[in-house]
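The values are calculated or read from the model by the stated rules, or taken from the named source; none is laboratory data. These numbers were taken from a predicted model, which means no experiment stands behind them. Cβ placement follows ideal geometry from the backbone for every residue including glycine, while neighbour counts extend to all protein chains displayed.
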Amino acid sequence: MSDKAIVPVSAETWQVIQSVAPVAKASRMFGVTQEQAAIVMLMGHELGLGLATAFEFVHVIDQKPSLSPKGALAMIHSSDELVGLKIDDMVDDKGDPSACRVWMKRKNGFEYSVTFTMDDAKRAGVVKDKSGWEKYPANMLRWRAVGYCADVVFPDVVGGLYRVEELGADVDADGEPVQWTVIADPQKTAAAAPKAASKATKPKVEAAPEPAPVAKPDNGAAAAKPEPVAQPEPEQPREITIQDILDAGYSAEQIMVANEGRIPATSDECAVVMEKLESGDA
């Protein structure tokens, strides 16, 4: 992967993403909508991942793309920026896992360490009955410490993405989310979208002309009724898609920022995002 810049998206790559997205949705292997599948592959590609590999590391939590801690560690290991990494699992007097310390260093000399303890986990309210924190506490401590350290030392390598546990998902012993995807109800999402979407999609319909007055016949016969004037059929607003926004020259990151970190799930949301980007309000 590139450590210097986002990997550009070519027209050929975008065509492949469009072809794969419906298959990813239909397979039900990843629990994503077609639009979410496209964004996952797009963001994965920009981070230097393969399109299929992106589904292993990038997950959608409450419409927000996020990175598994295992994925973050994999990307850091493959980065040319990494020159030092150490993980220390610590135990208490009884031999039970009590904390994990992670140290990372990059080639420009910057280094940082994070220690995450069981007390930290309890204060955060993540230690629950029958959860991973009871089954494999050492692993859970390790993934938390890895994620927090990566946020400080390698935010560019991991793309600045949230980690799945930060968004409320549970992870297993391997650092992968247990229940990773929440697909929004399109009806609820559309109802919550601002009315500004109508400004971007509602066509203007000219008023029908008034019928010309009909002269009354001289013989006193009843005037003929004017012919009804055909009313123009209102144009149906064209649906705005993520592809339209990308075709306009905006990146996946700009789309996410304009939609408060969420993947647009409906045409109304896409219309709002497009309006924000075009007006410079994003």
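At-a-glance table
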read-out: Qualifying residue in the range 47-59 (condition: over 18 Å from the mean Cα position of the chain (by Cα) and in a helix (DSSP H, G or I)); value: no
read-out: Residue within the range 139-152 that is closer than 20 Å to Gly175 by Cβ and exposed (fewer than 15 other Cβ atoms within 10 Å of the Cβ) present; value: yes
read-out: Hits in the range 60-97 (condition: outside any helix (DSSP H, G or I), within 17 Å of Val146 (Cβ to Cβ) and of a type in the set (Gly, Ala, Ser)); value: Ser66, Ser68, Ser78, Ser79, Gly84
read-out: Whichever residue in the range 264-282 is charged (D, E, K, R) and crowded, with 19+ Cβ neighbours inside 10 Å and, among such residues, is nearest to Gln36 (Cα to Cα); value: Glu269
read-out: Subset of the range 247-282 [among the hydrophobic types (A, V, I, L, M, F, W, C), modelled with pLDDT of 80 or more and not in a helix (DSSP H, G or I)]; value: Ala248
read-out: Residues of the range 147-169 satisfying the condition of being within 15 Å of Gly132 (Cβ to Cβ) and more than 18 Å from the chain's Cα centre (by Cα); value: Gly147
read-out: Test for Asp62: is it on the phi > 0 side of the Ramachandran plot and surrounded by fewer than 18 Cβ atoms within 10 Å (Cβ to Cβ); value: yes
read-out: Residue pairs meeting the criteria (Cβ under 7 Å; at least 6 apart or on separate chains; first under 29 Å from Trp133 (Cβ atoms) and in the same structural domain as Trp133 (by TED's automatic domain parsing), in the range 97-115; second basic (Lys, Arg) and in a strand (DSSP E or B)); value: Trp103/Lys86; Glu111/Lys105; Ser113/Arg101; Thr115/Arg101
read-out: Entirely in the range 116-206, the helices (runs of 4 or more DSSP H) that have 2 or more residues that are at pLDDT 90 or above and within 19 Å of Asp88 (Cα to Cα); value: 118-124, 137-153
